[in-house]
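The values are calculated or read from the model by the stated rules, or taken from the named source; none is laboratory data. Given the structure is predicted, the values throughout are model-derived calculations rather than measurements. Because the Cβ atoms are built from the backbone with ideal geometry, glycine has one as well, and the counts that use them run over all protein chains shown. Please note that ligands, DNA and RNA were not included when accessible areas were found on the heavy atoms of the full protein model with its side chains. Shrake-Rupley method; radii C 1.70, N 1.55, O 1.52, S 1.80 Å.
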Amino acid sequence: MNKIPCDHCHLEFPKEMLISEMIGESEKYFCCKGCQGVYHLLSSEGLDDFYDKVGDIKLNPAAEISSDLEKYDHDGFTKKYIKEVDGLHEISLIIEGIHCSACVWLNEKVLYKTDGIIEAEINYTNHKAKIVWDPSVLKLSDIIVKIQSIGYNAYPYDASLQEQKANASRKDYYMRLLVGVFGTMNIMWLAIAQYGGYFTGMREDIKFIIQVAEFVLATPVLFYTGWIYFKGAYFGLKNHFVNMDSLVATGASLAYIYSIYVLISGHGETYFDSVVMIITFVFVGKYLEVLSKKKAVDTLDTITSSLPTEVTKICGNEKVIVGVEEVEVGDIIEVKAGDKIVIDGIMISGDGSFDEASLTGESRPIYKKKDDLLTSGAISLDSVVRYRATKLYGDSTLSTIVSLLENSLTKKPRIEKLANEISGYFSSGILLIALATFLGWYFFKGDFEHALIVGISVIVIACPCALGLATPMATLIGLSVGAKKGILFKEASFLETMAKADVLLLDKTGTITEGKPEVVYHDNKKEYDINLLYALVKSSSHPISKGIATYLESQHDKLEMLELESVKHLQAKGLRAYYQGRELKGGNLSLFDDIKIETKSDGSLFIFAIDGDIVDMFALEDKIKEGAKEALAEIAGRGVEIVMLTGDHEKVARKIADEVGIKKFKYSLFPEDKAAAVDSYHDRGKVVIMVGDGINDALALSKSDIAIAMGSGADISVEVSDVVLLDDSITSLALAQKLSQKTYTNIKQNLSISLLYNLITIPLAVAGYVIPLVAALSM
């Protein structure tokens, strides 16, 4: 029958079923009124280029306009999904029906042409659209209608929806597994009686009852539990490849059909028990895969949600709040204490301390002054400064990291690719061997039933139960042991990949060290009311102040929060306040540069003075995690090369490396540098583990073969990671690596036994020495 494609959706139909229309000098064909309407709409809007961009890609036929659009304009819907910003409304929608970048182009063009829509940006990787519109011009329901009018659909993005879908999938697999297990447990009791009767004799009427009971048990297991294999086999054939599902579905179906034939004819033995065991045992592997599958998360949302969308721009003598996208190179921006730098620039006035831990991993605040570079991602801790923008928002450091991370997440290597190719060849080979065996025996003996039995025996005995279970059964134990020890593998396959790793890259701050400055030296000069110091440090969010506060809380049972007056953050120096007329000062050496101070520690100093008289002094350092040196030595002893990557300067990096016994380290690194280090090892054919805890590690984590995050680290590092260490210890890292190697050894043993089993039993089955009953028992 002659089929031609619809000129909109490109789906093919018989010519007589299509709607024909002369447009210009050419005849166009449409599968429905919807596609015809969309075609005319795009033509009238001047968007004919869409068809050139989309090429021959098949689209969904145009959908009908929904009848329940009023729900999008209800107050409850607005409160839940719509954000109001300066009188404008903003929403995130998931666009259904997007197939390629041309679909994104079309939707954005149509939306931008709609009066009242201010912004429309669609992410091709997750089909999420950010739409900003003027509610006085149009309603959200009008936007949905516009999207539906061009053949797509939209619904509000809900992060919990992904979790609901994952739970629904797990529940579905669980119910299917229950049916399979129920069938297997019951059919085995019947099979015992059947096997006993096979060897000792059994009345035909009893044998028939047992066979009918087995048929009743096998049928729901094959078609309910085993439905995923038929579905997988169908899509495999549709895309011209044979997979493991094809082999399972073929073997189980042939055994089932042949058993029905035996049940009806009364000649031979049924193999319903083989059907049930084949389906259930392999389904266990499928179920474990679902349980261990990585939770779907929108990683980029986690990053961008923490970024400011506006900055304070200096225009002459005025301060104007503008969007970050509106800032041009050369504009003057003001940043207050606690604000995050969003755009790279050069400081032109003021000085102060900046927290660059999110970028470099540097644990100590960095002092910046006039003409110093300010990098996006840094946080001003104690000062109001102004700087001149040297880059646009989209070109700044943090935006670049987001862009690179987006690309790297979509290119994460798939360790299963080779295994899938091998299993495809294995499955195809077994089917060909079984077919050749059937034909050979049929032409050799002329006995169809005997030839069919031998062919089924080949498929059943070579059924990839062992191959299918070799990995999940071993990894189940590995995952269980890991979970009990606080080690969470997000996918079972990560155990195998981690075992193959030969390079371990470690961030310093928060990974090898605690990531929190602690008091290591305390020199009390004079007696004073400790509550004065406690009140002063509690008035600051500086890491040093937090370290002092924590130390005081551990040393004193009862601390009182005094009400201080005129608390002031002194730029890059410390704090000053007054209490009942007495001056309180606390900070670093710069705050007391007129006084000569001697100390026995190289750590960060905090000096406390009352009315100019120094009464207390503290030194703080970031401590090495307990057991780090021994754990890293254990990992190195297994042949893994260990390299420390840090944003700290060389002196600190060398000190930490020496303390934990790391011979190789790289210092003063930015996130791009850490990612480049991962790439350099990949170029040498190495399998890389990256361990980190902050947003500065996210890019390198996403590029590594195995990404490991500390449980208390930044959300982004946890989301892009493959393994999470809940107790944050290096000891758990060593255990995870040891566990993965043991599990991988078990997997190789299982696969070796499976291979040996197939090498012995398949030739025996081909030779006709194995009947399906024995094949099932062997399996």
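Note down the net charge around Val275, summing +1 for each Lys or Arg and -1 for each Asp or Glu among other residues with Cβ under 14 Å from its Cβ.
Net of charged neighbours comes to -3.
So how exposed is Val137, as accessible area in Å² (1.4 Å probe, rounded to 10)?
In the full protein context, Val137 sits at about 80 Å².
With every protein chain in place, what's the accessible area of Leu759 (1.4 Å probe, Å², nearest 10)?
Result for Leu759: roughly 120 Å² accessible.
Hey, if we sort Phe354, Phe77, Phe448, Phe426 by accessible area with the 1.4 Å probe, largest down, what's the order?
Solvent-accessible surface, decreasing: Phe448, Phe426, Phe77, Phe354.
So between Leu392 and Gln749, what do we pick up on full extension, going 0.36 nm a residue minus the alpha carbon distance?
122.9 nm
Among Asp115, Asp507, what's the order by accessible area (1.4 angstrom probe), most exposed first?
Asp115, Asp507
Heavy-atom accessible area of Glu21 with all protein chains present, probe 1.4 Å, nearest 10 Å²?
The value for Glu21 is about 50 Å².
For Met175, Met498, what's the largest-to-smallest order of accessible area, 1.4 Å probe?
The most accessible residue leads, giving Met175, Met498.
Using the Karplus curve 6.51 cos²θ - 1.76 cosθ + 1.60 with θ = phi - 60°, what ³J(HN,Hα) values do you get for each residue of region 615-627, in whole Hz, with x for Gly and Pro?
Each residue of region 615-627 in turn: 10, 7, 8, 10, 10, 10, 9, 8, 7, 6, 5, 4, x Hz.
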